[in-house]
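Quick notes on the structure that follows.
Values quoted throughout were computed directly from the atomic coordinates according to the rules given, and no laboratory measurement underlies them. Just so we're clear, the structure is a prediction, and the values are computed from it rather than from any experiment. Note: ideal-geometry Cβ built from the backbone for every residue, glycine included; neighbour counts use all protein chains shown.
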Amino acid sequence: KTKDVINRAKGGVLFIDEAYTLKGEGNDFGQEAIDTLNKLMEDYRDDLVVIVAGYKDKIKEFINSNQGLRSRFRIYINFEDYSGEELYNIFYAMAEKYGYCMSEEVNKQIRAYLNNRNLNQFTGNARDVRNLFESIVNMQARRIDKMSLRDKLDLMTITVDDLPFSRIENI
């Protein structure tokens, strides 16, 4: 299967996201894929570009797990984590895309939460923001389900009661 994938990528680029998952414990097929990749990268070095992506420390571990990989991957590009403000902008764009309204207080609370890595476990990537957004939407749906009367504005409004974290004071 690895050979088939690499052969299809010949003349172009093979992108492997989270390549380090191949190196999992007890994953003989993963090691076989790595060995095949290593050999074919050399065989097709003039006709194939291979890019591996993932978390910096885990990728470094993956590359260092095999001397052949270490000698074949020579260019590294590190992308900085998103700032808290960038994470907030991603969140806001998601809310806007789906038509949600938020009060200024909700905006302030979410912005403060995303800017304070001591309060959250975020690593600075957009998946964390998507998970937060989905959690808020789920909490909002539970809140609305308990309402006897509701209108479209209720359905599209996120309140501080929908936030899955404690209210942040002094913001």
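In the chain, the DSSP-assigned H stretches of four residues or longer account for a calculated mean residue ellipticity at 222 nm of -16000 deg cm²/dmol, using -39500 (n - 2.57) per stretch and the full residue count as denominator. Within the stretch 1-68, report the GluC sites (Glu not before Pro) that DSSP leaves as loop and that have at most 12 other Cβ atoms within 10 Å. Counting only loop positions with at most 12 other Cβ atoms within 10 Å, the GluC sites (Glu not before Pro) in the stretch 1-68 are E25. Go ahead and collect, in residue order, the members of the stretch 31-57 whose backbone nitrogen is under 15 Å from a label point 7 Å along the Cα-Cβ direction of F15. Residues 49-55 fall inside that zone.
Placing R0 at 30 angstrom, the Cβ-Cβ distance between F29 and A126 gives a FRET efficiency of 0.50 after rounding to 0.05.
Please report the net charge: other residues with Cβ closer than 9 Å to the Cβ of V52, K and R +1, D and E -1. Net charge in that neighbourhood comes out at -2. All other residues whose Cβ lies under 13 angstrom from that of A141 are scored, Lys and Arg at +1 and Asp and Glu at -1, for a net of -1. Lys-Lys pairs in the chain that are eight or more residues apart or on separate chains and whose Cα atoms lie under 21 Å of each other come to 13.
Selection among F29, N138, Y113 by position relative to the dipole of the chain gives F29 as farthest towards the positive end (Cβ unit charges, Cα centre). Between S65 and R8, the C-beta separation translates, for a Förster distance of 30 Å, into a calculated FRET efficiency of about 0.75. Around the Cα centre of the chain, unit charges on the Cβ atoms of Lys, Arg, Asp and Glu (plus for the first two, minus for the last two) sum to a dipole of about 200 debye. May I ask you to list the trypsin sites (Lys or Arg not before Pro) in the stretch 140-171 that are in a DSSP loop and have at most 16 other Cβ atoms within 10 Å of their Cβ? Sparse-neighbourhood loop trypsin sites (Lys or Arg not before Pro): K146, R150, R167. Rg over Rh for the stretch 32-110 works out to 1.26, using Cα positions for both radii and the Kirkwood form for Rh. For R74 and E134, a Förster radius of 35 Å and the Cβ-Cβ distance give a FRET efficiency of 0.35, rounded to the nearest 0.05.
For S148 and V49, the difference between the fully extended length at 0.36 nm per residue and the C-alpha to C-alpha distance is 29.7 nm.
Only one of the listed values, (1) 30; (2) 45; (3) 24, was derived from the coordinates as percent of Cα pairs over 29 Å apart; which label is it? Evaluating percent of Cα pairs over 29 Å apart on these atoms matches (2).
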